[in-house]
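K.L.:
Next up is a structure, given as structure tokens.
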Amino acid sequence: MIYWLNLLRPLKRRKYAARLGHRRIQLFAGLGLVGLCLGMLSADLNAGSAIITDKDIRARLALMREQKAALLTLSDMMAGRRTFYPKTAKAARRVLIENTRKIPRHFAKQRIEPNSHAQPEIWTRWQDFETRAQAARQAAKQINVGSVNGLRRSLPAMVQACHSCHQTYRATPNRAITH
């Protein structure tokens, strides 16, 4: 009996080694995929920023990137891709409230560069633009960060406010849901 058990040991070791090798391949493939996604996100966040020379446009883009990061944080919490922490959610909500207040000020000067994606209609329809910015601010204030369910009920209005403005006043279509 011991003879047969000793014969099976190398087989068990080979199966274990094969499983371990398979897990290593899965791990490296997963890490590669995460790296690729981060690279694509980084390229999206930095798209065109190297060739924009106007400081006002760079400030506008920075403002929008901060909003995008805050919305991604909240949407990840809402979807369960990130653990819900009320303090983190409140901080993201604060960023959205402050940044939506700053939108008209950052767009007050009519500055256009191809990579800024701002349509000239912003300045010809300024009252509508300001109204949409105010609607986004109100939506940001209404975000309920007390619970995941509250976030699920209130965040879509903020996302819709962003999309509404971008569909009208942004030159290129959005690649991400939140920006």
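K.L.:
All but one of (1) in contact (Cβ under 8 Å) with a residue 24 or more places away in the chain; (2) surrounded by 15 or more Cβ atoms within 10 Å (Cβ to Cβ) hold for Thr88, so report the exception by its number.
P.N.:
With (1) in contact (Cβ under 8 Å) with a residue 24 or more places away in the chain; (2) surrounded by 15 or more Cβ atoms within 10 Å (Cβ to Cβ) applied to Thr88, the lone miss is (1).
K.L.:
Could you tell me whether Lys141 is modelled with pLDDT of 95 or more, within 15 Å of Leu74 (Cβ to Cβ) and among the charged types (D, E, K, R)? Outline the logic, then answer.
P.N.:
Details: modelled with pLDDT of 95 or more: yes; within 15 Å of Leu74 (Cβ to Cβ): yes; among the charged types (D, E, K, R): yes.
Taking the combined requirement at face value, the residue satisfies it.
K.L.:
Here's something else I'd like to know. Does at least one position in segment 148-155 carry a residue that is under 19 Å from Ile57 (Cβ atoms) and basic (Lys, Arg)?
P.N.:
Step one: of segment 148-155, the residues under 19 Å from Ile57 (Cβ atoms) are none.
No, every residue in segment 148-155 fails to be under 19 Å from Ile57 (Cβ atoms) and basic (Lys, Arg).
K.L.:
Looking at Ala91, is it closer than 25 Å to Ile51 by Cα and assigned to a helix (DSSP H, G or I)? First the steps, then the outcome.
P.N.:
Details: closer than 25 Å to Ile51 by Cα: no; assigned to a helix (DSSP H, G or I): yes.
It is false that Ala91 is closer than 25 Å to Ile51 by Cα and assigned to a helix (DSSP H, G or I).
K.L.:
Just to be sure before I move on: is Gly150 in the same structural domain as Glu66 (by TED's automatic domain parsing) and assigned to a loop (DSSP other than H, G, I, E, B) in the structure I sent?
P.N.:
On the way: in the same structural domain as Glu66 (by TED's automatic domain parsing): yes; assigned to a loop (DSSP other than H, G, I, E, B): no.
Considered against the rule, which asks whether it is in the same structural domain as Glu66 (by TED's automatic domain parsing) and assigned to a loop (DSSP other than H, G, I, E, B), Gly150 comes out as no.
K.L.:
Still on this structure, please answer the following. Only one of these conditions is not met by Ala135: (1) among the small types (Gly, Ala, Ser); (2) surrounded by 14 or more Cβ atoms within 10 Å (Cβ to Cβ); (3) within 20 Å of the chain's Cα centre (by Cα). Which number is it?
P.N.:
Against the list (1) among the small types (Gly, Ala, Ser); (2) surrounded by 14 or more Cβ atoms within 10 Å (Cβ to Cβ); (3) within 20 Å of the chain's Cα centre (by Cα), Ala135 comes up short only on (3).
K.L.:
Now, a different point. What residue, among those in segment 109-132 that are under 21 Å from Asp56 (Cβ atoms) and of a type in the set (Ser, Thr, Tyr), is surrounded by the most Cβ atoms within 10 Å (Cβ to Cβ)?
P.N.:
Ser116
The values are calculated or read from the model by the stated rules, or taken from the named source; none is laboratory data. This one's a predicted model, so the numbers in the text were calculated from it and none came from an experiment. As a convention, Cβ positions derive from the backbone with ideal geometry for all residues, glycine included, and neighbour counts pool all protein chains shown.
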